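Let me give you the structure first, and then I'll get to my questions.
The values are calculated or read from the model by the stated rules, or taken from the named source; none is laboratory data. On a predicted model such as this, the values are computed, not experimentally measured, just so you know. Virtual Cβ from ideal backbone geometry, glycine too; neighbours counted across all protein chains shown. Keep in mind that these areas ignore ligands, DNA and RNA; they rest on the heavy atoms of the full protein, side chains included. Shrake-Rupley method; radii C 1.70, N 1.55, O 1.52, S 1.80 Å.
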Amino acid sequence: MSPPEPEIAVRVRALVKTYGSTRALDGVDLEIPAGQVLGLLGPNGAGKTTTVRILTTLLRPDSGEAWVAGHDVLADPDPVRRRIGLSGQYAAVDENLTGFENLYLVGRLYGRKRAAAKARARELLARFGLEEAADRPAKGYSGGMRRRLDLAGALVAEPTVVVLDEPTTGLDPGGRIDTWEVIKELVADGTTVLLTTQYLEEADQLADSIVVIDKGRVIARGTADQLKARVGGERLELVLASADDLPATLRVLSDVGTGEPAGDAHTRRAEILVETGPKALIEALRRLDAQSITVQDVGLHRPTLDDVFLSLTGHGAESREEPK
Ligand code: ATP
């Protein structure tokens with residue numbers, strides 16, 4: 001089997017992995033052009049972690065091919081390990097060491113000389129906004145700082161491909177945005193990134209292209225815009241002055257839109273997908289007005305990646321929390 005062209009940094013072909021009767025991966029194909037971010041999305045148990053573990057040489061598939069930075073992951077794992085960085089939810093940070101010590105240690109483990117390991121640690125701490133915290137034990141760091149340190153650890157060896165496995169799960173919105181900034185910088189430097197995430201907004205912000213997997217198979221791929229276009233139409237959203245009007249409003253919405261309307265008495269919101277955009281909006285407002293229903297706010301929105309996910313898998317992404 002010949003390696004992919006140099007402009008393809010990651011190639012996975014027909015990957016199959018079974019656990020007993022479970023087909024964790026059932027023929028997954030994906031490709032990441034060098035310097036791009038691929039978002040790998042899927043509900044719990046879809047096969048994301050299995051894919052990540054195979055690419056990072058931690059697990060062997062039953063069949064299929066995987067290439068990273070021109071090297072065959074299965075036949076030649078050593079050069080792959082030198083070229084790939086992994087950062088994830090299970091932060092590889094030693095809490096008792098300082099930020100500097102953590103990164104210095106990783107550098108030494110990768111065989112750097114003392115001075116070079118120190119210099120690289122200081123450089124990464126500065127880049128990740130951890131200079132001031134550098135000499136404090138990591139156990140005093142916030143969640144966001146720990147993630148940044150973990151990400152820095154994955155970059156010590158200057159990998160050409162970085163795998164980010166749910167890099168912002170559990171972070172507050174501020175920590176998430178900080179981490180996104182760091183990831184954007186990484187890509188600006190030409191690093192190729194495979195990103196798994198359960199936050200569709202994260203894929204929307206960061207990924208050049210997206211692969212959606214479910215039950216070990218690829219069920220959709222494309223840019224965020226292409227995936228959104230597949231859902232079609234727009235979402236008509238209303239906020240009512242009174243929750244009492246919700247049942248009547250949902251009846252109006254189901255007349256002007258397609259599919260089932262959704263409503264929430266607590267937030268007084270109602271919504272539905274519409275194919276005719278402004279025309280449906282005007283018709284809905286006309287009918288609500290005729291019933292003396294007061295609308296506080298109204299808007300037409302393009303489908304979000306959440307809508308895409310829902311239409312592809314039949315359930316939302318962030319509501320998939322299950323104990324592992
Ligand atoms: P999550 O979002 O929960 O991490 P995932 O998309 O990463 O999900 P995987 O962890 O790759 O999914 O799991 C894919 C399937 O393989 C699931 O059905 C899972 O139960 C099964 N599986 C994974 N690892 C093992 C294992 N070591 N033994 C048995 N079954 C496994």
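Using label points projected 7 Å from each Cα along Cα→Cβ, tell me how many nm separate ASN96 and TRP180, to one decimal.
Going from the ASN96 label point to the TRP180 one covers 3.8 nm.
Taking 0.36 nm per residue of separation and subtracting the Cα-Cα distance, what length does fully extending ALA14 through SER254 add?
Stretched out fully, the ALA14 to SER254 stretch lengthens by 82.2 nm.
What order, most packed first, do the peptides 53-66, 290-303 have when packing is the mean number of other Cβ atoms within 10 Å of each residue?
The most tightly packed comes first, giving 53-66, 290-303.
Given 4 °C and 1.567 mPa s, compute D for the chain with the Stokes-Einstein relation, Rh being the Kirkwood radius over Cα pairs; round to the nearest whole µm²/s.
59 µm²/s
Could I ask something else about it? Ignoring ligands, DNA and RNA, what percent of the accessible area of the chain is carbon or sulfur (1.4 Å)?
49 percent
Also: Enter the angle in degrees (range 0 to 90, nearest 10) between the Cα long axis of helix 143-155 and the first principal axis of the Cα atoms of the chain, meaning the one along which they spread out most.
50 degrees
If you count only protein heavy atoms with a 1.4 Å probe, what accessible area per residue comes out for region 233-302, rounded to a whole Å²?
Per-residue value: 58 Å².
Computed FRET efficiency, Cβ-Cβ of ALA290 and SER311, R0 35 Å: what is it to the nearest 0.05?
On the way: r = 32 Å, r/R0 = 0.90.
With R0 = 35 Å, the Cβ-Cβ based efficiency is 0.65.
Please check which bits of region 1-31 a label hung off SER63 would reach, taking the label as a point 7 Å along Cα-to-C-beta and the cut-off as backbone N under 15 Å.
13-19, 23-29
Okay, next question. What does the C-alpha gyration tensor say about the overall shape of region 74-127? Classify as rounded when a/c is under 1.5, otherwise prolate if a/b is larger than b/c, or oblate.
oblate
Ok, one more. Only bridges with both residues in the chain count here: give the DSSP antiparallel percent, nearest 5.
In the chain, approximately 70 percent of DSSP beta bridges are antiparallel ones.
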